[in-house]
Structures are given as C-alpha cells and as structure tokens.
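Here the structure comes first, spelled out in structure tokens, and everything after it is commentary.
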Amino acid sequence: MSSVAVSKKGFGATVWDYLTTVDHKKLGVMYLLAGTLFFAIAGFEALLMRIQLMVPNNDFVSAGTFNELLTMHGTTMLFLAATPLLFGFMNAVIPLQIGARDVAFPFLNSLGFWMFFLGALFLHLSFFLGGAPDAGWTNYASLALYSPGHGVDFYVLGLQISGAGTLISGINFIVTIITMRAPGMTFMRMPLFTWTSLITSALITFAFPPLTVGLFLMLVDRMFEANFFDHTMGGNTIIWEHLFWIFGHPEVYILVLPAFGLFSEIIPVFARKRLFGYSSMVFATILIGFLGFMVWAHHMFTTGLGATANAIFAVATMAIAVPTGMKVFNWIMTIWGGSVKVTVPMLYALGFIPSFVAGGVTGVMQAAAPLDYQLHDSYFIVAHFHYVIVGGIVTAIFGSMHFYWPIMFNRALSETLGKWTFWIFFIGFHCTFFIQHFLGLMGMPRRVFTYQANQGWDLFNFISSIGAILMAIGVILLVLNIIVSAKSKPLNCRDYWGDGRSLEWAIKTPVPFYNFKQTPLVRGYDPYWLEKHEGNEEGMTYAEPLGEIHMPNNSILPLIMSIGTFVAAFGALYHPDGKSWAIPVLILGLAITVGAMIIRSMKDDLGFHVHVEEIVATEEHLYGKGGNK
Amino acid sequence: MEHTKFTPQSWPDKPEQATMEGKNKFVGIWIFICSDITLFASVFATYLSLKDKGPAGMEYSAAELFELPLAFVMTMLLLTSSLTSVYAMYHMKNYNFKGVQIWMSITVLLGLGFLALEIYEFYHYVHDGFGYTQSAFSSAFFTLVGTHGLHVVIGLVWILCLIFRNAGRGLNLYNAPKYYAASIFWHFIDVVWVFIFTVVYLMGVLG
Amino acid sequence: MGHDTQVQARSKKQYEYDRHHNAVHMRKQVINFAIMIFLTFLAFAVVVADFSTYYIKPLILLLAGIQVVIQLYSYMHMDDKKASHIGVISTFVWFGVVIAFTVFLAFLTIIWW
C-alpha cells in the first residue's frame, strides 16, 4: 500500500481512499467539509428563526417548530459545526507544526471523525423521523423528560455518539503533542496554536465524560424508566444541570481556545512581528483551562444554590477575565509597532479583538450574580454569547480558512471576495447582535417564538433580522469563494503568505503524504522564521538523513465501527415504542462495533514503509527536478 | 520489528516504551484513564446525592441492603488480581512470555470470580424488589456499580483477546505495549473499586 | 523496524543488574500488596466495630485515599522517573483528581431537595 501519492486515481478509488484514510491531512479536509455543511444548516435554522421574529405576532413557523429550530441551531453550531471546523484545522496543521508525520493514533483519528459524522447524521435524521429535539441545546431535565415524540432521544443518542468521537480525537491530540514533537521543539518552543490545542484537548478529555454521564442518565430516564431526574421517585432535576454545565462551561473554552491559538498564529505573520509575551500567553492559556472547570454554576445562579455558592462562582468567573485579558493585550502589543499587512486573515483578526472583548465584558457583567438575576434567560445573554462565539470563534474559523487554505488545498481563496465576505458578514453580525443587548435590557426573554407588538421591541427585532440576512449573504459569498478556488490554478509554492514563522509554512505545497521527507531540527521558537533569517533558502535544517519512512495503513474499520453505533442507536430509540425489532437491532449494532474492534485487535497492523527511491520519486513528481529541499 | 528475534539480554528493560508506537500507547492509556476519572467522578457524585432517596415510604436503604462480607471477598479478589497483573508485567520485563500468559490468565480468573459474585449480588437485590427502576437510589446504585462492572467486563475481554491473539506469536515489541496498557487499565479498575467499597458499601452500612 | 527504535543487547553486567533490580522491585510490590490488604481489612474492621460515624467516615476515606496513592505510584508506576513523559502524565492525573474532588464537593453541597 505504498506510493499512493504518485498514481492517478479514478472516482471510485478516490472515494474509497477517503472512506478508509487515516491521513491527518485528508481527515482535516473531511472535518472542514462536514463542519461547513452543518454550519450552513445551522445558519439556515437561525435565519428561519430571525424571519419568524422579524415582526411581532408572526406565524412564519409554529411555536413547536421554532423550538426545534432553536434547539437544533444551538446544538448543531456548537457540536457539529464549530468543533469539527476547529478539529479540521487542528488535524491539518498540528502534525506539520510540530514536525511529525501524522498524529499518534491515525486509526483513532479516523474513528473520531466517523463517530462525529454518524452521530451528526443520526441527530439530523430526527427532522424526518417525527421531529427534531425541542428542549433547547441545554436540554434541561424538567422539560426534556416530558418532551413527546423522539426528538430528545435523537439528541441524547446523536450527541453520545458524536461526543465519543470528539473525546477520542481529544486524547489523540494530547498524545501527539506530548510525544511526537520534532527534535529541538521543547514545550516552550511550541507554536501557540499547538499549545492551545493541547489545553483544548485536555479540556475535552476531562469535560466530555460528565456529558456522557448526563446523556446516559437522560437516556435511561426517558427510555428505560430510571429515576435520576424524577423527584417523585427521589430524583432531582438539578443533577442534569450540574452535569451539563460541568461539561458545558469547559465546552465553550474548548471552542474558544483553538480560536485564540489560530489568531496567535495569524497576527504575528501579518504584523511581521514576533508574538508578544509568549510565556505569558502559554501561562494564560493553562490558567483559562484550569479555571474553566471551576465556574460552571454561573449558568445556574437563578436555580437557588444559595448566596455563598453564587458568590464563589461569581468570583471565579470574574477571575477568568484576567488571563483572557492578558491574551488580548499581548495581541495588541504584537500588532503595535509591527509592519502590518491587512490581508483577509488579518482583517478577521482586527475584527475579532474588539468583538470578542465586547462579548467578554458583557460576560463579566453577567458574572455578578445579582445582575444575572435580571439578565438570565433574556436576550442580553443571547447577545453576550453570540458576541464571543461569532466574534471570537467564527471570525477565527473564517480567517483561518483564508490563512490555511494554501496548505490544505494548494489553492488560495480570493482576497477580493474575502474582503466582501468579511465586511458584509461583520456588519451583519453587529447589526444582529449589538441590538439584542438592548432587547435583553428591555426585558425580552430568549427562546420565545413571538412577542406582542408595541412593547418597544418591534424596531430592534426587525433590525436584528436584517443583520441575519446580511450574515447569510456573507456566508454565501464565502461558499462561492470556496467553489471558485477549487477551479483556480495550483499554487505549488512554499510559504504562500511570505512571512510564515512556524514549521507548517516550511513545506512546499502540495504537502506529500508523509509530510517532511526528513524530520526537521527545531532551533528555536518560530523555527522557520529563524531558518529564513539565517539565510537558509532551502527550508529547514533537518535532524536526520533521508531514510525509510514508516507510514500507517488505511482501514475501513473505523467507518464500520461508527455504522455499528449508528444502527444500535436506532434500536435504542425505538425500544420504548415497544417495537419488537428494537432490541435485536440494538444488539446487532453493538455486535458490529465490537466485532470490528476485535478484528482490529486480532490482526497485526504494522503500517508500510516508503523506500528512499519512492520518496525521491514523489518529491520530483510534486515539485519537479531537484525536489523540495 | 515483529521478526526480530530477541533474547532475554537483548530485550529492552522497558519493552513497552522502546518504540514510538509503544510510547504513544503508554501516554495514551494514561490520558484515557484521566477521562475515565471524571466519568466515574460524575457517576459517584450522582450516587452520593441520590443515596437512600426514593419515593415516600421506601423501605430500601443502604444500611439494610449491603452485605459487608460479600464486598470484602470481592475486594480481595480484585486486589489480588491487580497483584497478579503486576507479576505478569514483571515477567514481561524478563522476556518470559509463558509467565506473562499464565499470570494474565490468573488475573482473568480472579476477575471472573469478582464478576460472578457481583452478578449474584445484583440478582439477589432485583429478586428482593430492589431493581433498576425502583427508585432514584436504586438507579444510581446500579449505574455506578454497573458502570464499574462494565469496565471489568471490558478489561477481561481485552486481556483474553491479548492472551489468545498472542498465543502463537510470542512476546515482541509490537504486543508488549498492548499488554502494558491493559494492565494499567486493570489497575485503574481496582482503584475505582477501592472508592466503591469505601463510599458505597462501607459508608452505606454506616447509614 | 522504524529508525527511531533503539534496541541493543545489554551488557551482561547491565542485564544482571536489571534482573536483580526487577526482582527487588517485584518484592516491593508484594509488600505494597500486603499493605493494601491490611488497609482494606482495617477499613472493614473499623466499620464493623461500630465506632461513632463522625470518626469512621473521614478515616475510611483517608484509608481509601492512601490505598489509591499506593496503587497509582507503585502498581501503575507513576513514581518511575524514567518512564516516558511521566511528569506530564502525573500533572494530568492530579488535575483529574482536583476536578473529581470539585465535582464531589459540588454534588454534596449544592444539590438540595
């Protein structure tokens, strides 16, 4: 199974290659595609919501449908769009950034992707099989237990499968970053994106299990008559809230830390200046990760925990603003005095800083428990989290698409189209969400499908909806940009932006399937910049002579294991309906998964070796005579 | 690497960490255990908050239900199985494949004994009317102890698969990290049991 | 074999030292086992002996904690300074313990009826 890179493949062979791939670069592309698809779906759900809320007493969608839209919008955006898009970048970039050939567990990398994808698919099938979940993305036990139909069951099972995929990938990245760094890359020479991905992966490792437990308890309560949340049988609904938010708060840091890391890569490149305060950035990231586990009850201030508990969590929440602020100041100090080139990624970075800070300060406002009693469940909260999510995470994703497109696809996204996208989306974003702060302060509750006229809310809701339309146009332009770039000429160059600092820019695109032909030697922070400025025109200094390269084999088993869980989920879903085939299907699905696991364990899978002649041939094929030095 | 013929002298002293894949598996199983720590923490915490809670007038309580002698025997079985797996790893360091297989098999037998007693205990409770759906307390008890039991089953299947798959292959640098990872998982299962017998059975009996 | 695998035959002296060291280490593990049996027995005995629960509850939790630390550091080799990346691993495990403790504390104090 060697020399895969050099042969021309037919359509069927290409499909099979992608179904069985364990290559981090291909998986990165697959995550990006899947994430973009779900981003578009969730964005469409939001557009429908905003159309419904454009005028008072609207009947564009029914109340029940509105509940399904708002639940799916939140669930899809956070779990099935943002996370996979960020994973896409982590997969594509991190092995290159640390000078490795792939991640620590390539097979598990593939398994993580397919579990995520099939869980996402399962959740979306709910639209066609009786209705989507409708208890909010937070699925509180009081409402969720009694939601009729199978919607919430789809939520529980779909997220359980998807979440398992995310957990697997999180563990994979931790091990990769710990063990597979190139020689000379100590922890304090790692790029910031690698650092934030390490902390993110640690958060995933610790935060997803409580979600798993919570979802399991909800599953057995709804489908197998357990009594965890039923107070008449001794249960307590607040247990769900605790478990959900013990997961949920670290979850938002899981989303935002990679975004911070991406901006920490983009800003130094386009300010042509080294990142300011590297050690403090690392320290701040670690502190945010740690504190992120100590603040979850700030989502529960109004549930009656008592003044002492509220005070403790309020103070801890305010404390997180400190390391976050450190990072913002460091970014500003990086730009200050630099020779700034305003490309599209830099535009997103410049838009990110004020937007995210605005979201952050409203967060600190809400951290004051007494004020939160007024703001909880109002549009003020909606405004806050959209400012940090869209202003922070979505801008990072859009900007990084432009930034990393050359490495991932050997093409560039159009700068002109990109600038149009940025401005239309950015203006639309502020239009929609800035105004919602005031709606919240005026008392409009969230998760309402309509409102009475003449309360002073009509104009602001209308403006908010216009903003949503602008954002939709921006996203359409981005998709157009992607399609146009597919048809553009390949770049075939190294260091597309000209000012690359870290290892991923040292390699000429298209990246060979084995990444660097010789493991690079890292001589400092910003290793590629160092080499460039020492006059090394040929890329990197290498740590080893050209030799045989050991690569992992492809495998169809991850897809089969994930299909097994998908099948099992159907069995579990229809069991409470008394369907006779439900339990057999459940067992069949589990048998497929366990069977595939046993098959995997029984074979030896030693990968394959790429011989020196093949390496030389691949390099010549990709880059012409002389290869990629 | 699987074709390299080793002697006890050329066999590395830390065989599970002698290859890149081995190091990855070594770090990987530990990070996985970290995720399992928070999993069990969540289930434990849920149990603690729902202990003895049930519908009004419920006659079941921890103090009356749990039998200490049974818990003690189960603990001894699991603790001993932890020691036998350490002994298996000792043989692995000394390149004594037969020793590895024998002591891992004994570990499995002890684990099966533990499981048998646990199934007997559960059957006894269900027979008495204390089933999964009886109350919040029962749901929490069976979920916590059942999750641990499920981990025991997974551990046993894992070790059995290793014993059978490698029976014809012998010890090499490809399967050494696999045995090591399985033994770390098995120790973790014992660690969780220490908390279960303390918090569920001992503190349960105290009332 | 990948060219990152370093395997070479140990010298006879090194080999004999390693075997002796392994045997000594194994004996230590058996002693640790005896200690853990004793701690377990102590915990059960203390409960059966029916002292006041105010004293017993913290005591048996402490005994459990000690036993877990012994398992982690000896059986699971967290004390082995030469193990690959064991410093990072220890940090992760202790962080997990801190989170677990926080979760316990929360569930015991801020869930009410």
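Where a number appears in this text, it was derived from the coordinates with a stated rule and is not lab data. If you're wondering where the values come from, they're calculated on a predicted model, not measured in any experiment. Glycine gets a Cβ as well: all are built from the backbone with ideal geometry, and neighbour counts include every protein chain shown.
Couple of notes before you dig in:
- Straight-distance candidates among the lysines for linking to B:Lys98, with alpha-carbon spacing under 20 Å and chain neighbours fewer than 8 residues away dropped: B:Lys5, B:Lys14, B:Lys178.
- Using 0.36 nm per residue and subtracting the Cα-Cα separation, the extra length available between A:Ser142 and A:Thr416 on full extension is 93.7 nm.
- Exposure proxy for A:His384, A:His621: other Cβ atoms within 10 Å of each Cβ, ordered fewest to most, give A:His621, A:His384.
- Within the range B:31-190, the proportion of Cα pairs with more than 24 Å between them is 43 percent.
- Amide proton proximity set for A:Phe608, modelled H, under 5 Å, gap of 5+: A:Met551, A:Asn553
- Shape analysis of the range A:14-548 based on the Cα gyration tensor places the equivalent ellipsoid semi-axes at 38, 25, 23 Å, largest first.
- Look at B:Phe137, A:Phe128, A:Phe44 and count the other Cβ atoms within 10 Å of each Cβ; fewest to most, that gives A:Phe128, A:Phe44, B:Phe137.
- Shape index of the range C:8-76: Rg/Rh, with Rg the Cα radius of gyration and Rh the Kirkwood radius from the inverse mean 1/r over Cα pairs, equals 1.28.
- Estimated distance in nm for a label pair at A:Ile312 and A:Ser62, the labels positioned 7 Å out from Cα along Cα-to-Cβ: 4.6
- Magnitude of the charge dipole, chain A, Cβ model with Lys/Arg +1 and Asp/Glu -1, debye to 20: 1260
- The aspartates and glutamates within cross-link reach of C:Lys13, meaning a Cα-to-Cα straight distance under 20 Å and a gap of 8 or more places when in the same chain, are B:Asp13.
- Backbone N atoms of the range A:22-57 closer than 18 Å to the 7 Å Cα→Cβ label point of A:Phe438 belong to residues A:54-56.
- Isotropic mean projected area of the C-alpha convex hull, the protein assembly as shown (nm²): 38.7
- Inter-chain neighbour count for C:79-89: the average number of beta-carbon atoms from partner chains within 10 Å of each residue's beta-carbon is 5.
- Other protein chain C-beta atoms within 10 Å of residue C-beta, averaged over A:223-232: 5.
- Rg/Rh (Cα only; Kirkwood hydrodynamic radius) as it applies to the range A:209-305: 1.20
- Mean ellipticity per residue at 222 nm, deg cm²/dmol - from DSSP H runs of n ≥ 4 across chain A, formula -39500 (n - 2.57): -21500 deg cm²/dmol
- Rounded FRET efficiency, nearest 0.05, which uses the C-beta distance separating B:Val153 from B:His124 and R0 of 25 Å: 0.80
- Note on A:Leu37/A:Leu129: beta-carbon distance plugged into 1/(1 + (r/R0)^6) with R0 of 22 Å gives a FRET efficiency of 0.65.
- Per-residue Cβ neighbour counts within 10 Å put A:Ser378, C:Ser90 in the sequence C:Ser90, A:Ser378, beginning with the fewest.
- Computed E for A:Phe11/A:Arg272 - FRET, C-beta separation, R0 60 angstrom, nearest 0.05: 0.85
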